[in-house]
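Presented below is the structure to which this report refers.
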Amino acid sequence: MSVDNSAIIEKHWQRIAQQRRSKKTHEALLDAAEGLILEGGADAATIGAIATRAGVSVGSVYHHFRDKKAIFVALSQRTLEFFQSLYAGFEDPAMWKDSTVRDLIRVYLEVSVSTLKHQVVARHAAGAVAADHPEFAKDFARTMVWGREIALKHILAHKHEIGRPDPERAARIVLDQLSAMYAGHIDPGRRSIALEPMDDAVFVEEALRIAGAYLALKTPEER
């Protein structure tokens, strides 16, 4: 007796299609929440606003998430995984073997600038659920430190380019300086001195110039 598997196969593909649509909607809701947070902070990301931004019904939002906190938990997790994956990709020394200290600092600055929105979202989302999920803020802080330590490790692999007597101390000071400069660049209220606003590309070049001068980077002929 032959068995007609066509109905079973059709049902299988329908289930896969439904799962894909569900995942797409799930991500669209998180994208909508992210955009609203960037525009107006965590308070702007209401269930109604998220539904409108994502182009779905409020009921659809509740189908995917129990409440607003659940959205922030998922958003915190997604953003944390983004940074963990990003920094893991930078760990391989072979990736940087032909780079100079100047190249490494440029990448560090450009990554910091280009991931600004993710950092803002992480702070707001983790802060909104801190009472119930303090681990997100702690994990995010640890991940940022990890990214900085990766940069330091690669810079010190080229410490022969640094003209200071103590290359490690000098590199740590520079990373501290860059962090302070970056904080002032994205938040004028945190600037220690009055500076004119500048676009990201100008900021990267200026910060790179200051870092290079402090480290007393050697020319290829001097190494």
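Per-structure values
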quantity: Net length gained if the chain between GLU149 and GLU81 were fully extended (0.36 nm per residue, minus Cα distance); calculated: 22.7 nm
quantity: In nm, spacing of pseudo-spin labels at ALA141 and ALA216 (7 Å Cα→C-beta vector); calculated: 3.6 nm
quantity: Cα-projected label distance for HIS26 with ASP92, points at 7 Å along beta-carbon direction, nm; calculated: 2.9 nm
quantity: In order through segment 32-37: 3J(HN,Hα) via Karplus (6.51 cos²θ - 1.76 cosθ + 1.60), integer Hz, x for Gly, Pro; calculated: 5, 4, 4, x, 5, 4
quantity: 18 Å Cα-Cα threshold exceeded, pairs from LYS97/LYS153; LYS23/LYS117; LYS68/LYS138; calculated: LYS23/LYS117; LYS68/LYS138
quantity: Loop trypsin sites (Lys or Arg not before Pro), segment 34-141, which have at most 15 other Cβ atoms in a 10 Å radius of their Cβ (DSSP); calculated: ARG66, LYS97
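Each value in this text was obtained by applying a stated rule to the coordinates, not by laboratory testing. Bear in mind the structure is a predicted one, so any value in this text is a computation, not a measurement. Counting neighbours? That spans all protein chains shown, and the Cβs are built from the backbone with ideal geometry, glycine included.
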